[in-house]
Every structure is written in structure tokens, then in C-alpha cells.
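First up is the structure itself, then whatever we jot down about it.
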Amino acid sequence: MTAPGTPARGDGRELCVWGSRISYFTGKLEGFLRWKGIPYRLRPMTSRMFGRVVPRETGAAQMPAVQLPDGRWMTDTTPTIEWLEASHPEPRTIPADPVQAFASRLLEDMADEWLWRPAMHYRWSHPEDARLLASLITDELMVDVAAPRWAKRIAIRRRQTSRFVARDGVNQHTRGHVESVYLRTLDALQAILSRRPFLLGEAPTLADFGFFGPMFRHFGSDPTPAAIMRERAPAVWAWVARTWDAREQATGDALLEGVPADWGPLLDEAGRGHLAWLSQNARAFAAGRSRFDARIEDVVYENVPVSAYRVWCLERLQSRFAELGSSDRAEVDALLERHGCLGPVQAAVERPSGHDPEERAPFGPGLAVFA
Ligand SMILES: N[C@@H](CCC(=O)N[C@@H](CS)C(=O)NCC(=O)O)C(=O)O
């Protein structure tokens with residue numbers, strides 16, 4: 001049931017997507033909805049929505065939050081995409097081949113969680129980018145805050161820098177490593193996308209929409225990383241626009257067989273970076289800690305927050321892995337082993353996240369990454 005004070009729901013057919021024109025995960029979802037041809041209206045998640053209405057309706061202060069025409073609310077793009085894929089099967093997004101589907105889910109998770117830090121670092125550590133984005137956020141989302149515009153810009157810049165850069169372990173010792181994650185990912189995507197239009201072939205699939213969030217809304221739009229993208233990875237720059245317009249731009253529906261060899265560098269990044277982080281985070285969670293030191297490729301990220309949500313991410317990958325039939329499982333096993341991903345996917349988490357025991361996601365209560 002919709003609580004009083006919940007805003008009107010559009011014309012009754014379209015989804016209402018509460019989010020922002022500059023948001024990573026709103027962009028990811030919009031790319032997917034446009035590909036599916038699912039009508040939606042983007043509405044700015046103003047301070048009141050973010051602070052009161054959305055947490056009340058979804059359990060998580062995060063964007064996007066989606067209101068269905070029947071009044072139900074959804075949160076968290078990963079299960080939201082999964083649910084919409086089941087209710088709107090065409091055009092297909094999650095590959096039918098279980099091995100491709102597993103590798104795609106792993107890359108989606110890496111794009112969501114592991115590219116977040118470099119995306120926030122480029123946006124908030126570079127003064128030109130930070131000034132621009134603080135203005136855009138102030139004018140789009142903070143219209144309902146009674147304070148001078150300059151004060152809102154300062155407040156937003158401070159909040160984002162402390163919460164998502166300093167507190168997330170970015171400092172003079174880790175900065176080079178954080179940037180290398182973006183640069184290596186660009187190089188890997190450039191190699192793929194200079195050969196074919198989308199990551200698996202003629203049409204976009206789940207992995208494209210995973211990477212689309214950070215590449216479209218942060219790296220391809222914020223001045224500093226966008227200049228790097230244009231120079232270093234022009235095929236990625238072109239793919240960002242192609243994915244936004246994928247309904248027109250897909251050249252067919254043929255996909256490659258299996259997991260292409262050129263996904264190797266992305267899977268290597270998942271093994272040495274993303275999954276290494278997820279398993280260290282899960283161990284710290286099991287030890288009951290709220291902060292931990294993450295060591296990735298001999299770089300130490302000190303005193304970063306433990307995330308119960310990311311324990312759940314690992315659990316979901318593990319349950320997908322456990323569901324594979326024996327011949328697919330053997331293929332995935334070999335693939336993960338080759339790219340340093342097998343250990344974290346196989347090792348059971350010592351303490352479950354406790355999130356979503358009834359498997360209701362994307363219907364709440366949601367859990368924010370740093371709740
Ligand atoms: N797992 C969530 C993550 C959503 C998320 O973290 N969104 C960001 C903005 S792109 C957010 O709302 N952050 C909360 C904050 O800024 O406090 C999803 O896939 O939807």
C-alpha cells in the first residue's frame with residue numbers, strides 16, 4: 001500500500017524512475033529501460049524524496065527508486081533489471097547461455113561496485129569536475145532545501161568528497177591504483193568494442209548495461225575522465241552513445257558463442273580487484289568489524305567501511321554458481337580459474353549478510369551499499 005504523501009504516478013502506464021540526470025545507477029537503469037522499450041518518466045529525487053519518502057517506501061536511501069504503475073516500489077538496479085527481464089522478456093538482455101549469463105553477472109557486479117570508487121574519485125577529486133557536479137546536483141536535486149545556492153554547492157561537495165573519496169580509502173597512496181582501475185577497464189573495453197558493437201555481439205546484454213552506468217554518467221560525462229576516454233578509448237566513447245540508442249543501433253540479435261577470449265582482461269580485473277575486495281569485506285563482516293584494511297595488488301586501502309550489501313553481492317554470485325548444471329559448472333570453473341576468480345566464488349561466506357532472506361528483491365526492504 002502506498003503511504004500518504006507519496007507523489008502521483010504519471011499516466012498509469014509508465015514507470016516512475018526517481019533518480020538524477022547525473023547518477024551512475026539511474027543511468028544504468030535508463031539504458032536498460034530504453035533498450036527494452038519500457039516507458040518511464042525520470043523524476044528528480046529531491047532532498048525530501050531521498051531523505052523521507054524513498055527510505056520509507058523502499059527501505060534504502062539510494063537512487064534510482066522505481067514506482068510501478070500499480071504503486072509498488074523497487075530498489076537496487078541488479079534485482080530490478082532481473083525482475084523486469086522476467087516481466088518483459090523481449091528484447092532479451094540476460095544471455096540464454098548459462099555460462100555467458102554467469103560471466104555477465106560477474107561483470108555487472110564488478111561494474112557496479114568496483115568502478116564506483118574511481119568514478120567518485122574522478123568526479124570529486126578534480127576541482128573542475130567537482131565544481132560542475134556540485135552545481136548540477138544543487139540545481140536538480142536540492143531545489144527543496146531552503147539555503148543559498150552557494151551554501152548547497154559547498155555542502156554537497158563536502159559530503160561527496162568525504163563520504164565517497166576520503167572515507168572510501170582514496171588518498172595519495174592509493175590514488176594511482178584507483179586511476180589504474182579506470183584506465184585498465186577502458187583499455188579492455190576499447191579492445192572489445194573496436195571489434196564489435198556490443199560486448200557479446202550485435203545487441204547489448206547485461207554486461208553492457210553494467211558498464212554503461214559508470215561509463216555514461218561518470219566517465220563519459222565528467223570533464224576529466226571524459227577527456228581521457230575520448231583520447232584513449234574512442235570506441236568506448238562511441239559505444240556509450242550506441243548503448244543509449246541501442247534500440248536503433250543494434251545491428252541484429254546474433255551473439256558470440258561462449259565467453260569471448262577478449263573478456264579475459266575484464267575477468268582478470270574482477271579476480272585481482274573486485275572479488276578480492278568482496279572476499280576481504282566478507283571476512284571483516286564475519287569478524288563483526290565496521291572498518292577494515294583492504295589489500296589489493298599490494299596497495300592498502302586503510303580503514304574503509306565494511307558493507308553488508310557487498311556480502312550479499314558475493315552470496316548472490318555464489319548461489320548463481322551453485323545453480324549451474326554440471327557441464328556449465330565445469331566450463332565456468334575453468335574460466336574463473338584462468339582469471340583468478342574461482343577462490344572467492346567457491347569459498348562460502350562465514351557469516352551471511354542476512355539481507356533479503358525471503359528473496360523479495362527488488363521489492364524492499366532494500367539495503368544501501370554503505371548502510
Ligand atoms: N545497488 C544500488 C546502488 C544505488 C546507489 O548507490 N546509488 C547512488 C547514486 S548513483 C546513491 O543513491 N548513493 C547514496 C548516497 O549518495 O548517499 C543499485 O544498483 O541501485
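The table below gives the values:
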{"read-out": "Every residue from the range 362-371 that is within 10 Å of the ligand (Cβ to nearest atom) and either touching a strand residue (DSSP E or B) at 6+ places or on another chain (Cβ under 6 Å) or under 12 Å from THR80 (Cβ atoms) (or both)", "value": "PRO362, GLY366, PHE370"}
{"read-out": "Breaking point among (1) surrounded by fewer than 23 Cβ atoms within 10 Å (Cβ to Cβ); (2) more than 13 Å from the ligand (Cβ to nearest atom); (3) among the aromatic types (Phe, Trp, Tyr), for PHE102", "value": "(1)"}
{"read-out": "Search result, residues across the range 44-66 that are touching a helix residue (DSSP H, G or I) at 6+ places or on another chain (Cβ under 8 Å) and not β-branched (Val, Ile, Thr)", "value": "PRO44, MET45, SER47, PHE50, ALA60, ALA61, GLN62, MET63, PRO64, ALA65"}
{"read-out": "Qualifying helices (runs of 4 or more DSSP H) (wholly inside the range 275-371; at least 2 residues being among the hydroxyl-bearing types (Ser, Thr, Tyr))", "value": "308-323, 326-338"}
{"read-out": "Identity of the residue in the range 67-89, within 11 Å of the ligand (Cβ to nearest atom) and touching a Phe, Trp or Tyr at 6+ places or on another chain (Cβ under 7 Å), that ends up nearest to GLU113 (Cα to Cα)", "value": "THR77"}
{"read-out": "The range 39-53, residues that are hydroxyl-bearing (Ser, Thr, Tyr) and either more than 13 Å from the ligand (Cβ to nearest atom) or under 22 Å from PHE216 (Cα atoms) (or both)", "value": "TYR40, THR46"}
{"read-out": "In the range 24-44, the residues that are of a type in the set (Val, Ile, Thr) and more than 18 Å from ILE94 (Cα to Cα)", "value": "THR26"}
{"read-out": "Residues that are touching a residue at least 24 places away in the same chain (Cβ under 8 Å), within 19 Å of VAL369 (Cβ to Cβ) and more than 9 Å from the ligand (Cβ to nearest atom), drawn from the range 55-66", "value": "GLU57, THR58, GLY59, VAL66"}
{"read-out": "Residue count, the range 112-145 (criterion: of a type in the set (Ser, Thr, Tyr) and closer than 30 Å to LEU267 by Cβ)", "value": "2"}
{"read-out": "Count of the range 344-361 residues which are away from the ligand (no atom under 16 Å from the Cβ) and in contact (Cβ under 8 Å) with a residue 24 or more places away in the chain", "value": "10"}
{"read-out": "Qualifying residue in the range 207-222 (condition: more than 16 Å from the ligand (Cβ to nearest atom) and either surrounded by 21 or more Cβ atoms within 10 Å (Cβ to Cβ) or assigned to a helix (DSSP H, G or I) (or both))", "value": "no"}
{"read-out": "The range 329-343, residues that are in contact (Cβ under 8 Å) with a residue 40 or more places away in the chain and more than 17 Å from LEU107 (Cβ to Cβ)", "value": "GLY343"}
{"read-out": "LYS36, sole failed condition from (1) at pLDDT 95 or above; (2) farther than 30 Å from ASP187 by Cα; (3) away from the ligand (no atom under 13 Å from the Cβ); (4) not small (Gly, Ala, Ser)", "value": "(2)"}
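The values are calculated or read from the model by the stated rules, or taken from the named source; none is laboratory data. A quick note: this is a predicted structure, and the numbers were derived from the prediction, not measured. Cβ coordinates were reconstructed from backbone atoms using ideal geometry, including for glycine residues, and neighbour counts include every protein chain displayed.
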